[in-house]
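Okay, structure first, notes after.
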Amino acid sequence: MALAIEARDLRRTYRTRTGWLNPRRVEIDAVRGVDLDVRRGELFGLLGPNGAGKTTTIKMLNTLLIPSSGSARVCGFDVVSQTREVRRRIGYVFGGDRGLYDRLSALDNLRYFAELYGVPAARQKRRIGELLELVGLTGRERERVEGYSRGMRQRLHIARGLLHEPEVLFLDEPSIGVDPVAARELRNTVAGLAATGTTVLLTTHYMAEAEELCDRIAVIAGGEIQALGTADELKHHAEGRRVLEVQAFGVSDSQLAGIDVLPGVRESSVDIVGTAQVLTVQSDATVDVQADVLRLLDGVRLGRVTARQPTLEDAYVAIVGRSPVEVAA
Amino acid sequence: MRLLTVGGVIAYRALFNWTTPSMFVGTLLVGPLFQLLFFAFLGRQLGVASDSFYIVGNAVLAASVACVFGGTMAVSNERRYGTLGHVLLSPRPRTLVFLGRAVPYAGNGLLIAAFTLTVGSLVLGLRVPLGAIPGLAVTLAVGSLSCAFFGLTLGALGLRFRDVWLVSNVSISLLLLLTGVNVPADHLPAWMRVVGGGLPITHSAEAARRLVAGDGFGAAMPALGKEFAVGVAYAVVAAALLKVFEAESRRRASLDTL
């Protein structure tokens, strides 16, 4: 089967030095032996917490970083020795406000990158028009980018990444900080790309996004792939568990610590949703921890209490929770 | 060729901070003109050299602010916008991408130098021989290009060192002191003359003075040739530094590329 991306035992160590009089060298293993096979036309997700090694992995695959050891090929070309061939075939999009020339219009940004990415002059105008249409910026293309919202910038990032019709597109947290409506539009655009045969490697923090879009997902933590499979396959990692969700207002750290050590509890976490906290407790399926949890939350104002089956997010928490070390990337 | 021309012009608009009319006129046209007048009147007062010496020298030097700071911005502002990674992901030759960026700044410098020479001559009553004008245009263009490549070299350093504007500021002062524009070269210590010989502007100022004195293009050619060589040398150094820093960034993650 033709592979768009193949990585074998990919490793990257960062070496830093601090201090002048008494310099101290620090080595950080950001990626520690990643193996990946991404098929042509596949939409592949790479999930992991901050500092898990996602961006470092992408930077090695897109030629911006040389691996400390191991090897990787994109469209059959080596990412270290055949950089020009690789760069002709890849696009790279990352989330955030930066990465565009603010003083230029969207049109001029795309014109410049069309030159940089070698789009023939005769095709530039048509291609740029198509992409502006695709990302919904037609009519706004002559405005300076400095006045764009984050969602518009993100769509422009995608248009830029597609200028030279790449075979492989790296999307590094493209929906970060984007409002829900814009995020949905982005997902539609990405799904459309995959439908046209473009291979997409997507990193994201959003489980719903990964579950909706990705053919297969790898979970990376501590610089290593911890699990790989379809969303349904990954959910098996949370098998044998049940999940209790409690809406609360004012759960303290000490109460959370107490819940963590209750018999049968595997993981617990608190997310802030609006003004409320949502306490999620994963426990062994054979143990009902609800009464113990509510007893520990005595005095805390509570809202809805729900027991449910594990989701992909629960599986992700289970996978990441058992990874040995988290390493800064 | 399009990358060099079209790409260079778009990059100029994207990365040069002084393209607004007020900044352009104030910083690049009016500022150098007052500098010319200052040194011309100071020279008159001290009796060091003629008006012609200061008018021609400062007109050639007028290109330096646009070219040195512009050349620096042309590379190091990529950091400001977070676009460096996308530029480095281009499969096109780096030499074309970056050296092409010097061309609009050189054009800018030529325009500023020509304006300063024209207005300075009119205000202070210098008569430039008509026959010298084509040669002067070539001289100002070569001086501006040389200066833009010098700025590009500083910009390349800006990829590696965050405080490159400090270097650019000091460089502008060095050009003022060491190029023989305001202090006649034979009044400078020998080592300063040597350093000045390796800087842009020095030789083009000498060539321009010969042309204005009516010596003819042939007499200006040796100095013009040296200015050209200095410019080419800085272009080579800039290209080499960009190549080295890019390779180093892939090995050591030394550039915050994205």
### Query
Which residue, of A:ALA114, A:ALA52, is buried (at least 24 other Cβ atoms within 10 Å of the Cβ) and farther than 30 Å from B:ARG252 by Cβ?
A:ALA114
#### Entry: Whichever residue in region B:217-234 is over 14 Å from B:VAL138 (Cβ atoms) and crowded, with 21+ Cβ neighbours inside 10 Å and, among such residues, is nearest to the other protein chains (Cβ to nearest Cβ)
B:TYR234
### Query
For the subset of region A:131-162 comprising residues that are more than 14 Å from every other protein chain (Cβ to nearest Cβ) and surrounded by fewer than 14 Cβ atoms within 10 Å (Cβ to Cβ), which member is nearest to B:ARG13 (Cα to Cα)?
A:GLY147
### Task
Looking only at region A:56-67, count how many residues are surrounded by fewer than 24 Cβ atoms within 10 Å (Cβ to Cβ) and within 18 Å of A:ARG216 (Cα to Cα).
1
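When you look at B:LEU42, is it assigned to a helix (DSSP H, G or I), more than 25 Å from B:GLY158 (Cα to Cα) and either free of Cβ contacts under 8 Å to residues at least 12 places away in the same chain or more than 15 Å from the chain's Cα centre (by Cα) (or both), yes or no?
In short, yes.
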#### Entry: Wholly within region A:12-87, strands (runs of 3 or more DSSP E) carrying at least 1 residues that are within 18 Å of the chain's Cα centre (by Cα) and either modelled with pLDDT under 95 or within 12 Å of chain B (Cβ to nearest Cβ) (or both)
A:24-39, A:43-47
### Query
When you look at B:LEU84, is it modelled with pLDDT of 85 or more and either within 15 Å of the chain's Cα centre (by Cα) or more than 14 Å from every other protein chain (Cβ to nearest Cβ) (or both), yes or no?
no
## Note on the structure
B:PRO32 passes all but one of the listed conditions (1) under 19 Å from the mean Cα position of the chain (by Cα); (2) at the interface with another protein chain (Cβ under 10 Å from one of its Cβ atoms); the exception is number (2)
#### Entry: Qualifying residues in region B:173-186 (those that are without any contact (Cβ under 8 Å) to a residue 24 or more places away in the chain and over 13 Å from B:LEU61 (Cα atoms)) - the one surrounded by the fewest Cβ atoms within 10 Å (Cβ to Cβ)
B:ASP186
### Message
Just to verify a result, which residue in region A:122-136, among those that are aliphatic (A, V, I, L, M) and out of contact with any helix residue (DSSP H, G or I) (no Cβ under 6 Å at 6 or more places or on another chain), is farthest from A:TYR92 (Cα to Cα)?
### Response
A:ALA122
### Qualifying positions in region B:8-22 - farther than 17 Å from B:THR72 by Cα and either in a helix (DSSP H, G or I) or aromatic (Phe, Trp, Tyr) (or both)
B:PRO21, B:SER22
### Query
What helices (runs of 4 or more DSSP H), lying completely within region A:168-275, carry at least 3 residues that are surrounded by fewer than 16 Cβ atoms within 10 Å (Cβ to Cβ)?
A:180-195, A:253-260
### Task
Mind listing whichever residues of region B:201-215 are surrounded by fewer than 17 Cβ atoms within 10 Å (Cβ to Cβ) and either in contact (Cβ under 8 Å) with a residue 12 or more places away in the chain or touching a strand residue (DSSP E or B) at 6+ places or on another chain (Cβ under 6 Å) (or both)?
B:ALA213, B:GLY214
### Residue that is farthest from the other protein chains (Cβ to nearest Cβ) [pool: residues in region A:101-124 that are over 24 Å from A:GLU146 (Cβ atoms) and in a helix (DSSP H, G or I)]
A:ARG123
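The values are calculated or read from the model by the stated rules, or taken from the named source; none is laboratory data. Every value quoted in this text rests on a predicted model; they were computed, and no experiment measured them. As a convention, Cβ positions derive from the backbone with ideal geometry for all residues, glycine included, and neighbour counts pool all protein chains shown.
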